[in-house]
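The values are calculated or read from the model by the stated rules, or taken from the named source; none is laboratory data. It should be emphasised that the depicted structure is a prediction, and the values quoted were computed from it without experimental measurement. In this analysis, Cβ positions are derived from the backbone assuming ideal geometry, glycine residues included, and neighbour counts consider all displayed protein chains. For the accessible areas, the whole protein counts, side chains as well, though only heavy atoms, and no ligand, DNA or RNA atoms are used. Shrake-Rupley method; radii C 1.70, N 1.55, O 1.52, S 1.80 Å.
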Amino acid sequence: QVQLVESGGGLVQAGGSLKLSCAASGSIFSVNAMGWYRQAPGKQRELVATITNGFTTNYADSVKGRFTISRGSAKNTVTLQMNSLKPEDTAVYYCNGKIVALTSSVAYTYWGQGTQVTVSS
């Protein structure tokens with residue numbers, strides 16, 4: 001069984017910073033790309049940032065220059081450093097990973113349970 005567990009959400013004033021963390025655990029053979037997505041009330045889930053096994057990153061235009069995604073050397077953890085936060089960044093943030101489980105030969109997409117980020121104006 002594979003799990004992704006997030007931590008680090010909370011309430012912050014506009015202009016402030018938060019750091020989200022996510023760790024993959026369980027019966028894992030390999031972790032490929034990982035990323036962060038978010039979903040605001042009444043909106044569809046959207047990509048925030050992704051990072052490959054080779055540490056290539058990709059960001060949504062709305063967060064470029066403010067957010068930084070990184071992975072640990074063991075490649076089963078991913079963090080999202082969020083600076084200069086805006087009220088429109090308020091959402092539930094989900095960790096995502098393309099993971100090959102020990103019982104599988106292909107990678108499946110796994111999701112964390114989500115963590116709330118609220119930015120007050």
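A few points about this structure:
- Near Gly16, the amide H atoms lying under 5 Å from its own belong to Leu85; only residues 5 or more places off or on other chains count, and H is placed 1.01 Å from N.
- Inter-part distance, segment 22-47 to segment 60-95, computed on C-alpha centroids, equals 11 Å.
- Across segment 65-70, coupling constants 3J(HN,Hα) worked out from phi with the 6.51/-1.76/1.60 Karplus curve, θ = phi - 60°, read x, 10, 10, 9, 9, 8 Hz, and Gly and Pro carry x.
- Backbone phi angles across segment 18-23, fed through the Karplus curve with coefficients 6.51, -1.76 and 1.60 (θ = phi - 60°), yield HN-Hα couplings of 9, 10, 9, 10, 8, 10 Hz in residue order; Gly and Pro are listed as x.
- Simple point charges give the picture: +1 on the Cβ of Lys and Arg, -1 on the Cβ of Asp and Glu, and for the chain a dipole about the Cα centre of about 120 debye.
- Of the chymotrypsin sites (Phe, Trp or Tyr not before Pro) in segment 1-96, those whose Cβ has at most 16 other Cβ within 10 Å and which sit in DSSP loop: Phe55
- A dipole drawn for the chain from +1 and -1 charges on Cβ atoms has a positive end, and of Ala60, Gly9, Val119 the residue lying farthest that way is Ala60.
- Phi-based couplings in Hz for segment 56-62 (Karplus 6.51, -1.76, 1.60; Gly and Pro marked x): 6, 10, 9, 10, 5, 4, 5
- Order by protection proxy (mean Cβ within 10 Å, highest first), peptides 42-53, 15-26: 15-26, 42-53
- With all protein chains kept in place, the per residue accessible area of the chain amounts to 52 square angstrom at a probe of 1.4 angstrom.
- In the chain, the portion of solvent-accessible area held by carbon and sulfur atoms comes to 50 percent [1.4 Å probe, whole percent, DNA, RNA and ligands not counted].
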